[in-house]
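I have placed the structure first, in the form of structure tokens, so that the comments after it can refer back to it.
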Amino acid sequence: MAIDKRVASAAEALDGIEDGATVLISGFGGAGFPNIMIRALRDRDLKGLTLVVNSATHPFSYTHELIEAGQVQKVICSAARGRGKEPSPFEKLWMDGKIELECLPQGTFAERIRAGGAGIPAFYTPVGFGTDLAAGKEVRRFGDVDCVLETAITGDLALIRGDVADRYGNVIFRHAQANFGPAMATAARITVAEVRETQAEPIAPERVQLSGVYVNRAVAVGDAR
Amino acid sequence: MAIDKRVASAAEALDGIEDGATVLISGFGGAGFPNIMIRALRDRDLKGLTLVVNSATHPFSYTHELIEAGQVQKVICSAARGRGKEPSPFEKLWMDGKIELECLPQGTFAERIRAGGAGIPAFYTPVGFGTDLAAGKEVRRFGDVDCVLETAITGDLALIRGDVADRYGNVIFRHAQANFGPAMATAARITVAEVRETQAEPIAPERVQLSGVYVNRAVAVGDAR
Amino acid sequence: MKPLTRNQMAWRAAQDVEDGTVVNLGIGIPVLVSDYLPEGRDVFFQSENGVIGVGPAATPEQEDPDLVDAGSRRITLRPGATIVDSAASFAMIRGGHIDVTILGAFEVASNGDLANWDMRIPNKGPLVGGAMDLAVGAKAVRVIMEHNTRKGEPRLLDACRLPVTALECVKRIYTDIAVIDVEATGFVVREIVEGLSPDELRARTEAELSIPQDVGVLRAPDLG
Amino acid sequence: MKPLTRNQMAWRAAQDVEDGTVVNLGIGIPVLVSDYLPEGRDVFFQSENGVIGVGPAATPEQEDPDLVDAGSRRITLRPGATIVDSAASFAMIRGGHIDVTILGAFEVASNGDLANWDMRIPNKGPLVGGAMDLAVGAKAVRVIMEHNTRKGEPRLLDACRLPVTALECVKRIYTDIAVIDVEATGFVVREIVEGLSPDELRARTEAELSIPQDVGVLRAPDLG
């Protein structure tokens, strides 16, 4: 049967995702948030989610709605600080001990996800050595560089945002939209690409930025963000 | 001063490379061999080189000329078998103990180079576990997966082949020409991109496949291969 | 008894390639599998050099020296194809994103150990290429090989004699006379070529074979 | 004595940005450095979100919500720019391909330890972002910060009191009253703002300062 990964709705794109899932969510610096899919995840009202997301509180992302709705038990991120003086929903739940937090250097965050998709169970990095964020982590010296051991991150679902996807799941990103999306797509059992538009015709090989091998479902959402 | 990484000749592109250098050379499956630069390296007559090259003997590559000329003391590769029944120049020197050989699974070869460029001193991979190629390597189990520890590869010089480079060193590859080139470019102190043509105008951002950050010198060689 | 030809072995393996999968074919007989996919199966063939969506071999008019697969064959691209670099290609392979790899082999042990990367040829250097990565990384590893060596020695063994490529990885073996799965209990025969008895198959095999009562018949069309 | 303004501190740091380099600027004062590059220096500014070649901030007409830097500023691209994904961006940072990073800081110790990632603000979660990666990965780490806290406490310390970002990484510090290098022997003052005596500078600094006889004068143009 001719491959066609386009699905009709955001809800349909979440088929088979269950309570307790680990969900990777792209977006950084204001670009690449799969907000329509995040809302669909909220509407599905799954519980006990672990979110792997660079920021737990970015104002342009709807991630905080999942947190506020009590659907999240753990966040793995590099930024968990709300902007206002008042604690954010995340910060309240975290201080109350209702959400577990793992805070990582952003590059380690990205590399652990990349490792998860690349079949590398663990790697050593100099980043974080000697800091609070590496407390309790195994250390080892290579040459004159002290390193910490970091393990791969994988998930059940990746939600990423792109510009165009073809029927094969190949994706093009606009400008800085890619950020964590390509790595996250490799590290999840099911990857959903939320894109401005989908097309039946294949994207030209030299324009593809994320191979459809890594994308299970593509949802067109137009200009909605 | 306006950045311009284009150099006039292959010889000039080798300025500062000395005896004993570790040289990474791209090319695989018949595409992406920087043959003009390999010849320039041969003409420079440097000694004691370590070559990091997928195949020591690929018939479309001139790597074997460096070996035949006695310039090479060690080869790190995934393929060291000549095609004919007679031993290749590499095989003769290797059997005579005149060239050291490190043979790696091709993915480990690529990943060790990628790690070298990415500031990852070492990583664990399941590939090779329990085989002769992992003999003596440190092993460790993650979950139910047995792994071997592999360390980063870096070099003094990377020779890669692309299609077009701009003044900033940004590179476009044709079809399957990239192969090991992008990873090698990140792992060497000096990277030379041998390309069909160079241009003053910048390549459009979305067409760049290798950032000029990783390219020090670009040499136009036309259709010569 | 008429053993399958190389093309027929490839044909038989092709029948099992699931629709919508990503498949890597080793050099030799496996690469022929793409010629025999059943009508209507939409498959992406990945090659270690980074081509995702290898199409038919290039005609002389189509040939492009930069458009090749890992075996240096000049190829075309199928619709939806793309090309990544080697580090990304092996991240895909090692990361479990290849559904099936079909490889050639010298030996397979009854626990699934595979030996396909070195024959210790006198005067020749080692050649491993991507064999170990594929054998470890692909979700399913299938093997196509002659049931016996040219000298008649067995290749389905209690334990590999040649250097292994990866441990406990092979799931199914297509030989010229049988289709055999590797189960937790060892080799289980699924099909035997017409005219060969279970005892004759056992006689040509070192390792113990479990042969169910309802074992199938291995048949392939005449492929000339 | 007139301490430098934020813009003047950025200007002073900009004078040291070498021609032809790849530079990452932290949020806050450091990002202003790109406005004050001396004429004729051709520099690529990299941002953690993968933009290589950040250009001037976007005008209202140029603004594109997908074209942003790591600080969520809407930007333009310079000629020769390209954009990679986050894993590739941090491979570039951690791999030593950024020549210089200029960061904000809360504290720097005389051995080069940097604290710039957490103020342990009550009721607020942690925020590290790419600070640790940059501090470890860049070939040279330079810091722009006020010499003292608002309460007048020192920031150039014998040892950091706040959680450190990375060990022994800072090479040069631009404050509002001095330019200070971190050498193997500790802090060495290179420039002191006009009208401030060495003793006055020492009084505002916890760590020992080596002040050569020929220490320079820290001056910056009036930037309004």
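A few remarks follow.
- Pick from the stretch C:38-51, criterion in contact with a Gly (Cβ under 8 Å, 6 or more places away or on another chain) and of a type in the set (A, V, I, L, M, F, W, C), ranking: surrounded by the fewest Cβ atoms within 10 Å (Cβ to Cβ): C:VAL43
- Meets criteria (surrounded by fewer than 24 Cβ atoms within 10 Å (Cβ to Cβ) and at the interface with chain C (Cβ under 10 Å from one of its Cβ atoms)) for B:PRO59: yes
- Residue check, B:VAL145 at the interface with another protein chain (Cβ under 7 Å from one of its Cβ atoms) and either more than 21 Å from C:ILE83 (Cβ to Cβ) or surrounded by fewer than 23 Cβ atoms within 10 Å (Cβ to Cβ) (or both): yes
- Single residue of D:ILE52, D:ILE27 found to be within 14 Å of chain A (Cβ to nearest Cβ), modelled with pLDDT under 95 and under 21 Å from D:ARG94 (Cβ atoms): D:ILE27
- Output for the stretch D:24-62, where each listed residue is part of a loop (DSSP other than H, G, I, E, B), touching a residue at least 24 places away in the same chain (Cβ under 8 Å) and more than 19 Å from D:VAL136 (Cα to Cα): D:GLY28, D:PRO38, D:ARG41, D:VAL43
- One residue stands out among those in the stretch A:63-80 that are surrounded by 22 or more Cβ atoms within 10 Å (Cβ to Cβ) and part of a loop (DSSP other than H, G, I, E, B): the one that is farthest from the other protein chains (Cβ to nearest Cβ), which is A:SER78.
- B:GLY162 being within 13 Å of chain D (Cβ to nearest Cβ), surrounded by 24 or more Cβ atoms within 10 Å (Cβ to Cβ), closer than 28 Å to B:GLY30 by Cβ and small (Gly, Ala, Ser): no
- Count - residues of the stretch A:81-92 that are in contact with a strand residue (DSSP E or B) (Cβ under 8 Å, 6 or more places away or on another chain) and more than 10 Å from chain D (Cβ to nearest Cβ): 0
- Residue among C:LEU77, C:LEU32, C:LEU67 that is farther than 30 Å from C:THR185 by Cβ and either in contact with a His (Cβ under 7 Å, 6 or more places away or on another chain) or at pLDDT below 95 (or both): C:LEU67
- Residue match in the stretch C:178-199 (condition: in contact with an Asp or Glu (Cβ under 7 Å, 6 or more places away or on another chain), among the charged types (D, E, K, R) and part of a loop (DSSP other than H, G, I, E, B)): no
- Of the set (1) farther than 17 Å from C:ARG142 by Cα; (2) touching a residue at least 24 places away in the same chain (Cβ under 8 Å); (3) of a type in the set (Gly, Ala, Ser), all apply to C:ALA14 but (1).
- Qualifying residue in the stretch B:131-138 (condition: basic (Lys, Arg) and either closer than 18 Å to C:ALA135 by Cα or under 16 Å from the mean Cα position of the chain (by Cα) (or both)): no
- Yes/no for B:GLU138 being surrounded by fewer than 20 Cβ atoms within 10 Å (Cβ to Cβ), closer than 23 Å to C:THR165 by Cβ and modelled with pLDDT of 95 or more: yes
- There is at least one residue in the stretch D:92-106 that is facing another protein chain (nearest Cβ under 8 Å), over 26 Å from D:LEU218 (Cβ atoms), surrounded by fewer than 20 Cβ atoms within 10 Å (Cβ to Cβ) and not polar (S, T, N, Q).
- Residues of the stretch B:104-130 classified as of a type outside the set (A, V, I, L, M), facing another protein chain (nearest Cβ under 7 Å) and crowded, with 23+ Cβ neighbours inside 10 Å, total: 11
- Checking D:SER89, D:SER72 one by one, the residue that is within 23 Å of B:ALA115 (Cβ to Cβ) and among the polar types (S, T, N, Q) is D:SER89 and no other.
- Considering the conditions (1) over 19 Å from A:LEU157 (Cα atoms); (2) buried (at least 24 other Cβ atoms within 10 Å of the Cβ); (3) touching a Leu at 6+ places or on another chain (Cβ under 7 Å), A:TRP94 is excluded by exactly one of them, (2).
- None of D:THR21, D:THR59 is in contact with a strand residue (DSSP E or B) (Cβ under 8 Å, 6 or more places away or on another chain) and of a type in the set (Val, Ile, Thr) except D:THR21.
- Taking each residue of the stretch D:167-181 that is at pLDDT 95 or above and looking for partners that are small (Gly, Ala, Ser) with beta-carbon atoms closer than 7 Å, six or more apart or interchain, yields D:LEU167/A:GLY130; D:GLU168/D:GLY112; D:CYS169/D:GLY112; D:CYS169/D:ALA135; D:VAL170/D:GLY112; D:LYS171/D:ALA140; D:TYR174/D:ALA13.
- Taken over the stretch C:123-151, the criterion of being more than 9 Å from chain B (Cβ to nearest Cβ), surrounded by fewer than 20 Cβ atoms within 10 Å (Cβ to Cβ) and not acidic (Asp, Glu) is satisfied by C:LYS139, C:ALA140, C:ASN148, C:THR149, C:ARG150, C:LYS151.
- Cβ separations smaller than 6 Å between residues 6+ apart or across chains give the following pairs from the stretch A:107-135 residues that are without any contact (Cβ under 8 Å) to a residue 12 or more places away in the chain to residues that are hydrophobic (A, V, I, L, M, F, W, C) and in a loop (DSSP other than H, G, I, E, B): A:THR131/D:VAL164.
- When A:ARG189, A:ARG167, A:ARG207, A:ARG217 are checked against the criterion of being in contact (Cβ under 8 Å) with a residue 40 or more places away in the chain and within 11 Å of chain C (Cβ to nearest Cβ), A:ARG167 stands alone in meeting it.
- Restricting the stretch D:152-199 to residues that are hydrophobic (A, V, I, L, M, F, W, C) and over 23 Å from D:LEU4 (Cβ atoms), the residue that is surrounded by the fewest Cβ atoms within 10 Å (Cβ to Cβ) is D:ALA184.
Residues checked against (1) closer than 21 Å to A:VAL208 by Cβ; (2) of a type in the set (A, V, I, L, M, F, W, C):
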site	(1), (2)
B:ALA176	yes, yes
B:PHE180	yes, yes
B:MET184	no, yes
B:ALA187	no, yes
B:VAL208	yes, yes
B:ASN216	no, no
B:ALA220	no, yes
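- Taken together, the residues in the stretch D:63-83 that are in contact with a Pro (Cβ under 9 Å, 6 or more places away or on another chain) and more than 7 Å from chain A (Cβ to nearest Cβ) amount to 9.
- The strands (runs of 3 or more DSSP E) found wholly in the stretch C:63-122 and carrying at least 1 residues that are among the hydroxyl-bearing types (Ser, Thr, Tyr) occupy C:75-83, C:100-104.
- Test: residue in the stretch D:203-217 that is in a strand (DSSP E or B), over 18 Å from the mean Cα position of the chain (by Cα) and crowded, with 19+ Cβ neighbours inside 10 Å: yes
- Those strands (runs of 3 or more DSSP E) of the stretch B:122-225 in which 3 or more residues are farther than 30 Å from A:ARG112 by Cα occupy B:155-166, B:188-199, B:217-220.
The values are calculated or read from the model by the stated rules, or taken from the named source; none is laboratory data. None of the values given here were measured: they were computed from a predicted structure. A quick note on method: Cβ atoms are made from the backbone with ideal geometry, for glycine too, and the neighbour counts reach across all protein chains shown.
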